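The values are calculated or read from the model by the stated rules, or taken from the named source; none is laboratory data. In this text, all values refer to a predicted model and were calculated from it rather than measured experimentally. Positions of Cβ are generated from backbone atoms using ideal geometry, with glycine treated the same way; all protein chains shown enter the neighbour counts. All accessible areas refer to the heavy atoms of the entire protein, side chains included, with ligands and DNA or RNA removed. Shrake-Rupley method; radii C 1.70, N 1.55, O 1.52, S 1.80 Å.
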Amino acid sequence: MALPDTAPLLVGLLLIFHALGAWAIVEVNMEDKVEVMAGDTAQITCMFTTDEGLGGTTIQWFYVLPNKKRQRIYNKEPMHEAAEQNTPFTDRISLNVTGTAAVLVIRDVGVKDNLEFICVIKTITPEEAEGRTKLQVFKSPTFPTIEAVERGVSVNEEDPSKIGSCSVKNGYPKPNITWYRNNMPLRITPDEVDLKSSITIESSGLYSVQSELRMKVKKEDKDAKFYCEVLYFVPGATKMTESQHINITVYYPPTEVNIWVESPKGKIKEGDTLELRCENNGNYPSSITTIKHQNSGSSVENNKMVRTNVTRLDGGVYECTFTETDNFEEISGSTKVLVNYLESAVITPKDSITVMEEEELKASCNALSSLQTDITWFKNEKLVSKGNSLSVKSATFETAGMYKCVVTVPEMEGMKTSGTLQVNVKGSPQILGPGVQEVETYETTVNLNCSARGFPAPTIMWTTSDGKNLNALQTETEDGAQSVVTFKITSSVKVFCNASNDFGSKVVEFNIKAIQTPTKSPNIKKESKGFVIAIIIIAILLLAILGSVLYFLYKKGRICGRSGKQDFSKRKSSKDNIVVEMKSDNTEEAILLGVNGEKQQPNDQ
């Protein structure tokens, strides 16, 4: 750099002042520290004052090595300035001097630039001054990652168990990790909470921190949320980042065991499928659950028991036992099951009862049940009585028949049983239908039906008015007997149906009138032929009338183009002078007669 023309004079004057013992005053003022984020540009300012001014001032910049020695990185003299070669800052620094401020600019700073920098101000005189500033570089760490322990943690563990680990990487200065449980920070507590941290310094100079949480868990920790908080520094502030929340599996012994009927819901009846379930409020994986029926001793090693088609014997107490296999601790619970039943209907008298006509009928029906029952009596699907008793003051043949007793349980659908009672009424037979029946027929064979009520079942006999006994087929019916007889009829006759038993007899009379079949007349053929001839004659008359009309029109000139006066002297034909004679014998013939009664020839017709 070329010196101005006044430079020699100035240098000379300074030498003279020095020779005379005159000393210049130099002062330097710098900040204690400069903070900047990694990757940014740092500016370190050195404020100085000197009596000599900039023309005779030398500015030098140093940084302090780990061994406390200083290494110059920049030198500015009155005639020359440059960055020192072969230093970590050679290509990244520059110096801006404005007035009494010398600003060292460091580009793309890194965490390794966390050093102490020295600014030295020298003058022509031996006087010099220096100032120091610490450069602090910050780097925000990565987002923290947290991992929960894979296996479950038991509350019975004697030592604190591992809960999880939290790590954060590439931060500067060193980040701090704090553990939280449900928003409450965890501190090291002997035999309760243990925190272990490890710090790694990467090749880049950044810090990676990992923290492990160990603690003795309690049952309520099964619902707890664990997370870690990372505290790190930035220029002029402190920031915090929170990890994701995790929970852990906590194994704890049960304090109670519950057993209940899963199905059916509500009351249980015989024939149902019974399903019982068992649960405890613990969650030990190494455990055995057993359900046992105390009455029968049957059991299953499961939390579910199914019994199909149950009976009342399947009722009683069911016990569920939970056994922890690690230390053989047991805890149990029980429930009582009631299986409702409805036995078969019992009718008294059993199967059947026989009473005399007009006597009182009494019967009863009952079914043993664990619940309240309803009893109804039916006959021919019709309700005849309610309640367990069936009573008829005066029995008749209409009283006889099959009665059905139905027993139901209103509280439970499907619980139903029934029984039947055959009621017989003793008495003289009654023949169904009128005492006298009229039968008219053209046939030579007739079927007669006779039905009679009575108990014992009546015997039916058939006889005719002339004293003959007829063979017939007899069948028993619900309230008596029925007989059908088939016999040939040669003439009108009376047939008697006699129904009898130990108490009397009844007779019905059938008056059979044989109607003769009409014979065919020998003149039918002739009459048929006469009818045909009559039809032919009528057709001939119609043709004659048509001919007369045509002839009349011809005379009038209305047909065939004829006109003028007509000849009225000619005889007219009309239907008034046509006479038809019809004979009904086999050689009959029809002759068309003229006006004078003369017989005309066929061609004239």
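Okay, here's what the table says:
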| item | result |
| --- | --- |
| Residue within the stretch 244-260 that is at negative phi, within 33 Å of the chain's Cα centre (by Cα), hydroxyl-bearing (Ser, Thr, Tyr) and part of a loop (DSSP other than H, G, I, E, B) present | yes |
| Residue match in the stretch 379-399 (condition: assigned to a helix (DSSP H, G or I), among the charged types (D, E, K, R) and surrounded by fewer than 20 Cβ atoms within 10 Å (Cβ to Cβ)) | yes |
| Residue identified as without any contact (Cβ under 8 Å) to a residue 40 or more places away in the chain, open to solvent by 30 Å² or more (accessible area, probe 1.4 Å) and not basic (Lys, Arg) among Asp479, Asp466 | Asp466 |
| Hits in the stretch 309-344 (condition: hydrophobic (A, V, I, L, M, F, W, C) and over 33 Å from the mean Cα position of the chain (by Cα)) | Leu313, Val317, Phe322, Phe328, Ile331, Leu342 |
| Among residues of the stretch 408-417, those that are touching a Ser or Thr at 6+ places or on another chain (Cβ under 9 Å) and open to solvent by 40 Å² or more (accessible area, probe 1.4 Å), counted | 3 |
| Residue in the stretch 307-338 that is farthest from Gly297 (Cα to Cα), counting only those that are without any contact (Cβ under 8 Å) to a residue 60 or more places away in the chain and in contact with a Lys or Arg (Cβ under 9 Å, 6 or more places away or on another chain) | Val310 |
| Selection from the stretch 321-352 of residues that are part of a loop (DSSP other than H, G, I, E, B) and either among the polar types (S, T, N, Q) or under 16 Å from Thr290 (Cα atoms) (or both) | Thr325, Asn327, Phe328, Ser344 |
| Strands (runs of 3 or more DSSP E) lying entirely in the stretch 112-172 (those with 1 or more residues that are under 60 Å from the mean Cα position of the chain (by Cα), crowded, with 19+ Cβ neighbours inside 10 Å and aromatic (Phe, Trp, Tyr)) | 128-138 |
| In the stretch 349-368, the residues that are hydroxyl-bearing (Ser, Thr, Tyr) and modelled with pLDDT under 95 | Ser352, Thr354 |
| Checking His245 against (1) open to solvent by 60 Å² or more (accessible area, probe 1.4 Å); (2) in contact with a helix residue (DSSP H, G or I) (Cβ under 8 Å, 6 or more places away or on another chain); (3) of a type outside the set (Asp, Glu), the condition it does not meet | (2) |
| Subset of the stretch 272-296 (residues that are out of contact with any Pro (no Cβ under 7 Å at 6 or more places or on another chain), open to solvent by 40 Å² or more (accessible area, probe 1.4 Å) and part of a loop (DSSP other than H, G, I, E, B)) | Thr273, Asn283, Pro285, Gln294, Asn295, Ser296 |
| Which numbered condition Thr348 fails, given (1) touching a residue at least 24 places away in the same chain (Cβ under 8 Å); (2) touching a Ser or Thr at 6+ places or on another chain (Cβ under 8 Å) | (1) |
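Quick grid of which residues meet (1) out of contact with any Gly (no Cβ under 6 Å at 6 or more places or on another chain); (2) open to solvent by 30 Å² or more (accessible area, probe 1.4 Å); (3) charged (D, E, K, R):
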residue: Arg214; (1), (2), (3): yes, yes, yes
residue: Asp221; (1), (2), (3): yes, no, yes
residue: Glu229; (1), (2), (3): yes, yes, yes
residue: Tyr251; (1), (2), (3): no, yes, no
residue: Ser263; (1), (2), (3): yes, yes, no
